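The numbers here are math on the coordinates, done by the rules we state, and not lab data. Quick caveat: nothing in here was measured; it's all calculated off a predicted structure. A quick note on method: Cβ atoms are made from the backbone with ideal geometry, for glycine too, and the neighbour counts reach across all protein chains shown.
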Amino acid sequence: MSRKPTSRRRQGGGQRSRRNKSQGLELGAVVKFAIGTAFMAGLGILFFITRAQSALIDPDSFCNRNGPTGVTLVLLDASDAIDEVKAERVKSAIVNIARSSERGVRLDIYVADTSDGSLAEPAFSLCNPGAPGSYEALYSNAKKSQTLFEERFLESIELTLAGLLVVEPANASPILESIRSAATASFSRLKDSTPTELVIVSDMVQNTPILRHRVSRQGTEEAAFLQEFNDFQKSSSWPNALADLHDARVHLLYISRSQYRTLQGRSHQFWWEQYFNAVNARLVGIDTI
């Protein structure tokens, strides 16, 4: 049997193999080019979108000129001093809240010292500029973004809190009035769809003429007096406590104090839960400090 036909078949197979390999290389090059082109186009689109979004950001407040994406209102009750250990826990909790908030969410910090019906002024008010994402280094100055987030935002919050938590005891504790005033200042002009959060740092012991949560003493005996919420709601003082909290989620950093041990507890917390329900808010968490 002649071997030449076999040789021709092998030669033809080699030609087809080389041709298929060449076609595969060409196809691979086309695919790589298409992927690279799509990636660069996507990067370009991302760049222009980011530039357009940046143009809407106010450089002083870091907030979108169309409004914040959310608002977290922090209210500090400075009517009684907080020891250093508790103050550090408070600072850590609030900074963590700010750190975990979404880009564009505004953080407003107030001191609960408004009892005359005036509109409160925040001690701090900035939007979260956002920590830089991994993709941002491809088209923007990630170092600048990190500096804005860490120094201009988080460190500014710590410095503000450090100054506000060092206080002299006061004769009054206008928690209700301050909630009303601060919420009006921070929430009243927001869109209905803007999510809100209220964080209150306080022993929650109200002490002004409109309402007093108090502890009475007879000799060595102590007794707590806490007016029923329904009775307070029917009283002439209720309008001075009425507010619209914009469907806020409320979190209490509940400062425990030895002088209020007979007052503070579940019944006291439930009183405030009823109040928040009545003013368009929801108590979602209590951390005792």
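For segment 158-289, the equivalent ellipsoid built from the Cα gyration tensor has semi-axes of 25, 19, 14 Å, listed from largest to smallest.
With R₀ set to 25 Å, the beta-carbon distance separating Ala123 from Glu151 gives a calculated FRET efficiency near 0.85.
When you filter the GluC sites (Glu not before Pro) in segment 216-289 for DSSP loop state and at most 15 other Cβ atoms inside 10 Å of their Cβ, you are left with Glu228. In plain terms, the residue of Ile109, Ile179 with the fewest other Cβ atoms within 10 Å comes first and the most crowded comes last, giving Ile109, Ile179. For the modelled label position 7 Å from the Cα of Ala170 along Cα-to-Cβ, which residues of segment 72-92 have backbone nitrogen atoms closer than 14 Å? Answer for this model: 75-82.
This ranking places Leu211, Leu245, Leu56 by how few other beta-carbon atoms lie within 10 Å of each, fewest first, which gives Leu56, Leu211, Leu245.
Bridges between two residues of segment 153-277, per DSSP, are antiparallel at a rate of about 55%. Modelled label positions at Ala162 and Lys143, each set 7 Å beyond Cα in the direction of Cβ, lie 2.5 nm from each other.
With 0.36 nm allotted per residue and the present C-alpha distance subtracted, the Ser92-Arg257 stretch has 57.4 nm of extension available.
Projected label points at Glu84 and Gln227, each 7 Å from Cα along the beta carbon direction, are separated by 4.0 nanometres.
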